[in-house]
């Protein structure tokens, strides 16, 4: 899965995306100017191949929402956790509404899925996670994330949980440095892994592991670890969906070497799809490495599950009473809890 440079595909990008080792595109703020523009960009990308490439985006809400102007402003996950303390039923209904609005709006412009929801617990130490987490309590995170996923499914979008087995217990930002979590497997199983386990049992289609080292379990970061991905995620938890690497250009992935080494390590560990998002030369190197790696039938089937299903147009959405009510309710939640936190 690759990034592209701008608002429309360039000829060299079209050539790269036609390569059989490429399976998808991830979009960023740099790729968005308007709903009309991004709809045309996704049309161009989907038209390149049959079956079409997957198109993804990080669109969780709060700090991480790549498309803003023209899209509903989504509250950070934490706002649902705060509401849960006062009214658990209302919090779950609004989390489901948020998942549905997010997914319906992205599907309307041709995006297959968002890398959401975040399943990490917030221990108050990780600034990169922070209010991206629903809560500190694993049962609350699991319940709200499940509601959010149900909303996504209702709009025709599969969900991807991140960052397995849990990024919330480390202070370091894996985008910028190598992060280490010293806790034992038993500690992680009793807390951070519970939302992943419950979401897997509820039909989670995708998982993204963390660029975090858990030395009590394995010396390799989770995304490069056969222990985490094959023994624990596939074996113990029974996950049958698609495993995405996090961006292999992140500093947290540097322990695996250059980009070719990172790609090989991630695929060997058990990732089905690897992400290189920003550097064109590194993307080309990643493609060469992927091309020399066997693409298993199981991985191919897992990718099929990540394609978006039904979609409504924006005019249809804007006439939809469910959409209007959800947008109103989410705006009220955002206003209430933003002022309280501020």
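The values are calculated or read from the model by the stated rules, or taken from the named source; none is laboratory data. Just so it is clear, the structure is predicted and the values come from calculations on it, not from any experiment. Glycine gets a Cβ as well: all are built from the backbone with ideal geometry, and neighbour counts include every protein chain shown.
Looking at the structure I just gave you, is residue 203 within 30 Å of residue 153 (Cα to Cα), out of contact with any strand residue (DSSP E or B) (no Cβ under 7 Å at 6 or more places or on another chain) and part of a loop (DSSP other than H, G, I, E, B)?
Values: within 30 Å of residue 153 (Cα to Cα): yes; out of contact with any strand residue (DSSP E or B) (no Cβ under 7 Å at 6 or more places or on another chain): yes; part of a loop (DSSP other than H, G, I, E, B): yes.
Judged against the criteria, residue 203 is a match.
Given 332, 265, 269, 284, which one is modelled with pLDDT under 90 and either under 20 Å from the mean Cα position of the chain (by Cα) or over 21 Å from residue 153 (Cα atoms) (or both)?
Numbers: 332 fails: modelled with pLDDT under 90; 265 fails: modelled with pLDDT under 90; 269 fails: modelled with pLDDT under 90.
Exactly one of 332, 265, 269, 284 is modelled with pLDDT under 90 and either under 20 Å from the mean Cα position of the chain (by Cα) or over 21 Å from residue 153 (Cα atoms) (or both), namely 284.
Could you list, in sequence order, all residues of region 292-307 that are more than 20 Å from residue 240 (Cβ to Cβ) and either in contact with a strand residue (DSSP E or B) (Cβ under 9 Å, 6 or more places away or on another chain) or in contact (Cβ under 8 Å) with a residue 12 or more places away in the chain (or both)? Break it down into steps so the answer makes sense when it comes.
Taking region 292-307 and keeping what is more than 20 Å from residue 240 (Cβ to Cβ), we get 292-293.
Scanning region 292-307 gives a single hit, 293.
Go through region 116-146 and count every residue that is in a helix (DSSP H, G or I), in contact (Cβ under 8 Å) with a residue 60 or more places away in the chain and either crowded, with 22+ Cβ neighbours inside 10 Å or in contact with a strand residue (DSSP E or B) (Cβ under 9 Å, 6 or more places away or on another chain) (or both).
The number of residues fulfilling the criteria is 3.
Look through region 47-79, keep the residues that are touching a residue at least 40 places away in the same chain (Cβ under 8 Å), assigned to a loop (DSSP other than H, G, I, E, B) and in contact with a strand residue (DSSP E or B) (Cβ under 6 Å, 6 or more places away or on another chain), and return whichever of them is surrounded by the most Cβ atoms within 10 Å (Cβ to Cβ).
75
In region 13-43, how many are over 25 Å from residue 64 (Cα atoms), without any contact (Cβ under 8 Å) to a residue 60 or more places away in the chain and surrounded by fewer than 18 Cβ atoms within 10 Å (Cβ to Cβ)?
Counting residues in region 13-43 that are over 25 Å from residue 64 (Cα atoms), without any contact (Cβ under 8 Å) to a residue 60 or more places away in the chain and surrounded by fewer than 18 Cβ atoms within 10 Å (Cβ to Cβ) gives 3.
Which one is modelled with the lowest pLDDT among residues in region 173-187 that are surrounded by 20 or more Cβ atoms within 10 Å (Cβ to Cβ) and either under 20 Å from the mean Cα position of the chain (by Cα) or farther than 30 Å from residue 278 by Cα (or both)? Give the derivation first.
From region 173-187, those surrounded by 20 or more Cβ atoms within 10 Å (Cβ to Cβ) are 174, 179, 181; that's our starting set.
From what's left, either under 20 Å from the mean Cα position of the chain (by Cα) or farther than 30 Å from residue 278 by Cα (or both): 174, 179.
Values: 174: 54, 179: 84.
Step by step, filter region 173-187, then rank; the result is 174.
Would you check if residue 101 is surrounded by 14 or more Cβ atoms within 10 Å (Cβ to Cβ), under 25 Å from residue 316 (Cβ atoms), in contact with a strand residue (DSSP E or B) (Cβ under 9 Å, 6 or more places away or on another chain) and at pLDDT 95 or above? Spell out how you get there, then give the answer.
Values: surrounded by 14 or more Cβ atoms within 10 Å (Cβ to Cβ): yes; under 25 Å from residue 316 (Cβ atoms): yes; in contact with a strand residue (DSSP E or B) (Cβ under 9 Å, 6 or more places away or on another chain): no; at pLDDT 95 or above: yes.
Taking the combined requirement at face value, the residue does not satisfy it.
Just a yes or no: is a residue in region 195-211 without any contact (Cβ under 8 Å) to a residue 24 or more places away in the chain and closer than 26 Å to residue 249 by Cβ?
no
Here's a check for you: in region 106-115, which residue that is surrounded by 24 or more Cβ atoms within 10 Å (Cβ to Cβ) and in contact with a helix residue (DSSP H, G or I) (Cβ under 7 Å, 6 or more places away or on another chain) is nearest to residue 45 (Cα to Cα)?
Filtering region 106-115 for residues that are surrounded by 24 or more Cβ atoms within 10 Å (Cβ to Cβ) and in contact with a helix residue (DSSP H, G or I) (Cβ under 7 Å, 6 or more places away or on another chain), the one nearest to residue 45 (Cα to Cα) comes out as 111.
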